[in-house]
């Protein structure tokens, strides 16, 4: 059996797809992945020994007129290339995880009548998934009612969590507790300026934080600003633009994660 995964753009799309792809691979399914060249998804595919197929894609919403034209051009190219790849590969199903890169392959699966499944990781479905859900055999959502609650094809499953994260046991106990209040702050793989701003405003109001230890994933744009902020607070901190080994950070902080696993049968 061959499965083709489409996920790219940010870690929020890529990492949930990665864990599901691993589960299928462990079941003997051959995994192919479509995404942008020189990207996070390509890097992970090479590490996992997936077959990677590069496609061109770029965002459309909140872009300039010129950038929107480029986005449409990239969409048409990815749609045509997807049809060609699907005809050669003959996958048993396509699994899209949202984002602009999934639109061309998702629609191509409809043209070739290949079973399509989608997963939405956010509380509100993105534009690509809102369109693709009409053609999908099933849609899976990470939060209840990300899609229309009256759609019988939608199944709430939560967001898949990587084994690197769930394999660590909770270490926040009497044997390892050293008196520090540990806090892990995540704003997605690209950070979140809104979250970073809220964190700074909230911490200014905390009076006793000398025993705090904070690890903060900020994204690239806010990294310097957050470093200066934490220096002024005079607390133990580590600021990273991106945390690759999230499982190790989870172990250090002692945060709790919940793993949700789901299986898909394709008849």
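The values are calculated or read from the model by the stated rules, or taken from the named source; none is laboratory data. Note that the coordinates shown come from a computational prediction; the quantities given were computed from them, not determined experimentally. Backbone-built Cβ (ideal geometry, glycine too); neighbour counts: all protein chains shown.
What are the residues in the stretch 60-80 that are part of a loop (DSSP other than H, G, I, E, B) and surrounded by fewer than 12 Cβ atoms within 10 Å (Cβ to Cβ), if any?
61, 62, 64
Inspect all residues belonging to the stretch 220-241 and state whether any of them is within 28 Å of the chain's Cα centre (by Cα), in a loop (DSSP other than H, G, I, E, B), free of Cβ contacts under 8 Å to residues at least 40 places away in the same chain and buried (at least 18 other Cβ atoms within 10 Å of the Cβ).
yes
Quick one: in the stretch 86-128, of everything that is in a strand (DSSP E or B) and within 17 Å of residue 53 (Cα to Cα), which residue is farthest from the chain's Cα centre (by Cα)?
Going through the qualifying residues, I end up with 93.
I want to confirm something. Restricting to the stretch 158-199 and keeping residues that are touching a strand residue (DSSP E or B) at 6+ places or on another chain (Cβ under 7 Å), assigned to a loop (DSSP other than H, G, I, E, B) and crowded, with 16+ Cβ neighbours inside 10 Å, which single residue is modelled with the highest pLDDT?
187
So that you can scan it fast, the table gives a plain yes or no per residue for (1) surrounded by 15 or more Cβ atoms within 10 Å (Cβ to Cβ); (2) closer than 12 Å to residue 6 by Cα:
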| position | (1), (2) |
| --- | --- |
| 87 | no, no |
| 90 | no, no |
| 95 | yes, yes |
| 100 | yes, yes |
| 103 | yes, yes |
| 123 | no, no |
| 127 | no, no |
| 132 | yes, no |
| 138 | yes, no |
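Take residue 180 and decide whether it is out of contact with any helix residue (DSSP H, G or I) (no Cβ under 6 Å at 6 or more places or on another chain), more than 26 Å from residue 121 (Cα to Cα) and without any contact (Cβ under 8 Å) to a residue 40 or more places away in the chain.
no
Among the residues of the stretch 4-59 satisfying the criterion of being part of a loop (DSSP other than H, G, I, E, B) and crowded, with 21+ Cβ neighbours inside 10 Å, which is modelled with the lowest pLDDT?
9
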